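Asker: First, the structure itself, so that you have it in front of you.
Every number in this text was worked out from the coordinates using simple rules, so none of it is lab data. Since the structure is predicted, the reported quantities are computational estimates derived from the model, not experimental observations. Cβ sites come from the backbone with ideal geometry, for glycine too, and all protein chains shown count toward neighbours.
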Amino acid sequence: MSSFWRLEHLLPEYVKNFEAYTPSRPDRELMKLYGCSSLHRLNNNENPLGPSSEAQKAILAFESSKAAIYPSGDSYYLRLKLAEKFDKTPDQFLVGNGANEVITFAIKAFCEQGDNVVTADKTFAVYEWVAKFSGYEAKLAPLTNFEFDEQRLLDLIDNRTKIVFICNPNNPTGSFWNITRFRSFMEAIDGEKIVIVDEAYAEFVEDGTFPNCLDLIEEYDNLVVFRTFSKMYGLAGLRIGYLCAQEAMVDAIKKTCVVYSVNSIAQIAAVSSLDSDEHIFRTRKLVHESKSFLTQHFNELSLDYVSGEGNFLMVKLPISDTLAYRKLMTRGLMVRTMSGFRFPGFIRISLSHLPIMEELVDGLKKILK
Amino acid sequence: MKKVCSDKVELVTFSDLALLRVTTSFVESSALAFGLGPDETIQLTLAVEEIFAHLCKTVPHKDPIWLNVAGRGYEVETEFIFSCHEFDLRVFNLACVQGHGEDLECTDETGMMIASRMVDSFSLEHSKSKLKLKLIKEKFYPEIEQYKETCPDYSGEINVREADIDEIKDLIGLASVNYPKINLPECFRYPGKVIDMAAYGYYHVVVAVDHSGMVAGGITWRWESEHLVTFRGPFVTPALKSSQIPDRLIEHLIEQTARTKAIGVICSWPTSDLPGSLFEELGSQYFMNQGQKTEVKAYFRQLNEDPGNTLVVHSCIVEFVKKKTQELFLGRQIETLIYTGESRFRHSVISAKILRSSDRAILRPVIYGDDATDNLMAHVRLLNNDGIENIFFEMDLGFSQYGMFAPSLIECSFKPRFLIPLAGKSDIVVFQYLPGETN
């Protein structure tokens, strides 16, 4: 039997029908292809300030000879640190190779054939992707006014629903549920389903009504919170994120966890990052300034935008977002097109240093002429 | 609309004429069971007979042939799949090549060409070590020609949603009354077929409806290939032409196709209501109908961020590719394909897809060989003799060896018309056979 026949018969339908995600090429290759001499990546919501100074020191102090040694398989010291910072037990944390990995752990742990997960249609795509290529249905509720809609989510839940994913604040709209809305949703769920709240951008939120869901874990045994070190803490290149829940829940999810997937440098850098309040302050200031700068210019250009919490904003263009992407690439500016988030015509811009934002505004003016 | 799953039955048979009756009986009984009418079933069975006989002559004796018959309500598809690395692929050219240059003639029609006339769609696809030969026969549907003009009063908020059966009929009526025939999909002549196609998920119909459920507009789309979606419309009632309906229909189309395998949506017959600023013009093609030529522009919208690519292109189309990639702001590094004297196949192989209802044939390269020009000419003659006026050749620039066909295409009066970004393994250059045309 040829390899074609074997693959055709061995591959499940739900994998056959799934299109693999194509990550962008390295900067040097992109610059060559698009003919630009520099490239500003404004597409992945990375922190332009990089890691905190504490994390940078920790990374530099890493002894290269230790690269031969396996990392702590369960991120032991990081969990201790997280427990201390958030007043929990270390066993309430599970660390993964980026938050994407813990999403996979959770879906694998709870879903079986015929089950489904519920989330919004216009949110971070990984919940939907992991469910689909694992063979589970992803039921998608439309947003209302760029926000997760409680009732629409509840309407989709059936007896085969295992998990409801809430992205709070939502990527890419920046909208969030306040504490009252969140509690009321949890009451409506009544402990029947697992509620996973992705707080990847929580550290950017300054609004006092934002529900820091880590504080609610003791109240709800069906609540799981995801956090990442990729955004505020500037460790995207090291891939590290975690989940927090009650111990019984973490024990359940741990069963599908691949140990040793988080490397030593990432663990050390993450531990050091948690002490860097100054870094959070500086990052918030930069985000605030860049956001004000961009929104002011978008108003002048009569461009509609969606700006909420987080280090990004979305702007609607009068041309196709994918064409705008290519045109901006020729000017060394890389943004995220939003068609893939089901917001056709929008681009999402990661907020960065003011001179780069100026370059972006200038680029937009030129391509929209 | 409630979706229906297609039914599929499989038979593993062998390259052996003794199994001809088994094979045809299998297809005949399956087609009847899947609801194809008796006349259409006979035609499909005869086509299968021709193909199977052809395969028994060409596929090594006793080699397995997988036969799938799929029923999709509105059509039955028969698919032959077989390995192809052990014998001469040349026999799978639709046209047989005899002689050379001006003396070229096609002395004997292949069984495949005869079979292609009995069905609505015929295609031969080649991929690595397998060949797929597909025959599609459609169910008979009554044609509706007349629609009554109506001037309803629309009220309340407009919603965009998937159409139900009545809304599909209403949209076809609205479009047929308000738009020139050239803007309408061919299937709109048969509303029953559109409804069945939508039920099987093969065709998507989305409508804009007012508060009372009155259809004010719509758009339709289907998958042209694994990575490309073609759409028709948007159609809008004259009363609401200046509204946001066209934009909302297009947005809905993009939202529905964005997280799929599609890399883009394309429309070759847009209505005047297409929001052009949201699309890019790829170029134009000609639609030939009984000698009459109409130029139609192709509008395209990419759905993802273009990753950039390196293309290896033959020098005779390098200027065209450079111009197109610049117009579309595509990050492409273009290298010229150089023939370095290596031994080549003597015979070329071209795959063909014939769509009789739209009077179209699409040729694609399989193997480049010394006789490429003669082979192309033979295909053109055969298709022209069969009354097919619109002949295209799609060259995937992801396979550099296909680039060698370019000089032969130019010699045979094919002109590069447009470039579709990433529609195949890489960008696809679409050539059209246009004798007497200059670039």
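Asker: Can you tell me which lysines have their Cα less than 23 Å from the Cα of A:Lys139? Leave out same-chain residues fewer than eight positions away.
Answerer: A:Lys16, A:Lys108, A:Lys122, A:Lys162, A:Lys193, B:Lys2, B:Lys3, B:Lys261
Asker: While we're looking at this one, here's another question. Residues of segment A:174-199 with the amide nitrogen closer than 20 Å to a label point 7 Å from the Cα of A:Gln151, along Cα-to-Cβ, please.
Answerer: Only A:176-190 pass the distance filter.
Asker: From Cα pairs below 8 angstrom and at least 6 apart in sequence, can you work out the relative contact order of chain B, rounded to a whole percent?
Answerer: The normalised contact order for chain B reaches 12 percent.
Asker: Can you find, among B:Gln292, B:Thr336, B:Leu249, the residue farthest towards the positive end of the dipole of segment B:211-339? Put +1 on the C-beta of Lys and Arg, -1 on that of Asp and Glu.
Answerer: Comparing the listed Cα positions along the dipole, B:Gln292 ranks first.
Asker: Rounded, prolate or oblate: pick one for segment A:1-158, where a ≥ b ≥ c are the square roots of the eigenvalues of its C-alpha gyration tensor, a/c under 1.5 means rounded, and failing that, prolate if a/b is larger than b/c, else oblate.
Answerer: Taking the square roots of the gyration eigenvalues as a ≥ b ≥ c, segment A:1-158 is rounded.
Asker: List the extent of the Cα atoms of segment B:159-266 along each of their three principal axes, largest first, rounded to whole Å.
Answerer: 36, 29, 25
Asker: Using a 10 Å cut-off around each Cβ, can you sort B:Val318, B:Val22 from fewest to most neighbouring Cβ atoms? Intermediate results must be reported in sequence, preceding the final value.
Answerer: On the way: B:Val318 18, B:Val22 14.
Fewest-to-most Cβ neighbours within 10 Å comes out as B:Val22, B:Val318.
Asker: What dipole magnitude, in Debye to the nearest 20, does segment B:279-402 give about its Cα centre under +1 on Lys/Arg Cβ and -1 on Asp/Glu Cβ?
Answerer: That gives a dipole near 200 debye.
Asker: For A:Lys85, go through the lysines and keep the ones whose alpha-carbon is under 26 Å away, minus same-chain ones fewer than eight residues off.
Answerer: Within reach: A:Lys57, A:Lys231, A:Lys254, A:Lys255, A:Lys285.
Asker: How long are the semi-axes of the equivalent ellipsoid of segment B:340-439, defined as square roots of 5 times the Cα gyration tensor eigenvalues? Whole Å, largest first.
Answerer: Semi-axes (√(5λ), whole Å): 21, 17, 13.
Asker: Hey, fewest Cβ within 10 Å first, where do B:Glu167, B:Glu145 land in order?
Answerer: B:Glu145, B:Glu167
Asker: What average count of beta carbons from other chains do you get within 10 Å of the Cβ of residues in A:338-351?
Answerer: Mean number of neighbouring Cβ atoms from other chains: 4.
Asker: Just report the Cα centroid separation between segment A:191-212 and segment B:358-404, whole Å.
Answerer: 58 Å
Asker: For chain A, state the average projected area of the convex hull of the C-alpha atoms over all orientations, rounded to one decimal in nm².
Answerer: Value for chain A: 20.6 nm².
Asker: Pick out, from B:Ile263, A:Ser24, A:Phe110, the residue whose Cα sits farthest towards the positive end of the charge dipole of the protein assembly as shown, with +1 on the Cβ of Lys and Arg and -1 on the Cβ of Asp and Glu.
Answerer: Projecting each Cα onto the dipole axis, the largest value belongs to A:Ser24.
Asker: Computed over the Cα atoms of segment A:51-144, what is the convex hull's projected area averaged over all directions, in nm²?
Answerer: Numbers: hull surface 37.0 nm².
Across all orientations, segment A:51-144 yields a mean hull projection of 9.3 nm².
Asker: Here's something else I'd like to know. Under 37 °C and 0.692 mPa s, how fast does the protein assembly as shown diffuse according to Stokes-Einstein, given a Kirkwood radius computed over C-alpha pairs? Answer in µm²/s, whole number.
Answerer: Calculated translational D: 111 µm²/s.
Asker: Report the net charge of residues surrounding B:Ser123, where surrounding means a beta-carbon distance below 9 angstrom and charges are Lys +1, Arg +1, Asp -1, Glu -1.
Answerer: It works out to a net charge of +2.
Asker: Other chains' Cβ within 10 Å of A:121-128 residues: what's the mean? If you can, show how the numbers build up before the last one.
Answerer: Working: counts 2, 1, 0, 0, 2, 0, 0, 1.
What the average comes to for A:121-128 is 1.
Asker: Lysines near A:Lys366 by alpha-carbon distance under 16 Å, same-chain residues fewer than 8 away left out - which ones?
Answerer: A:Lys316, A:Lys327
Asker: Using only the Cα atoms, what convex hull volume per residue in Å³ does chain B have? Don't jump to the answer; show the numbers that get you there.
Answerer: Numbers: hull volume 65.3 nm³, N = 439.
Output value, Cα hull per residue: 149 Å³.
Asker: Roughly how crowded by other chains is peptide B:327-333, in terms of the mean Cβ count from those chains within 10 Å of each of its Cβ atoms?
Answerer: 5
Asker: Let me ask something else about it. So for A:Cys244, A:Cys257, fewest C-beta neighbours within 10 Å to most, what's the order? Intermediate results must be reported in sequence, preceding the final value.
Answerer: Details: A:Cys244 24, A:Cys257 21.
In increasing order of surrounding Cβ atoms, one gets A:Cys257, A:Cys244.
Asker: Right, next: For segment B:319-401, what is the relative contact order in percent, using Cα pairs closer than 8 Å and at least 6 residues apart in sequence?
Answerer: 26 percent
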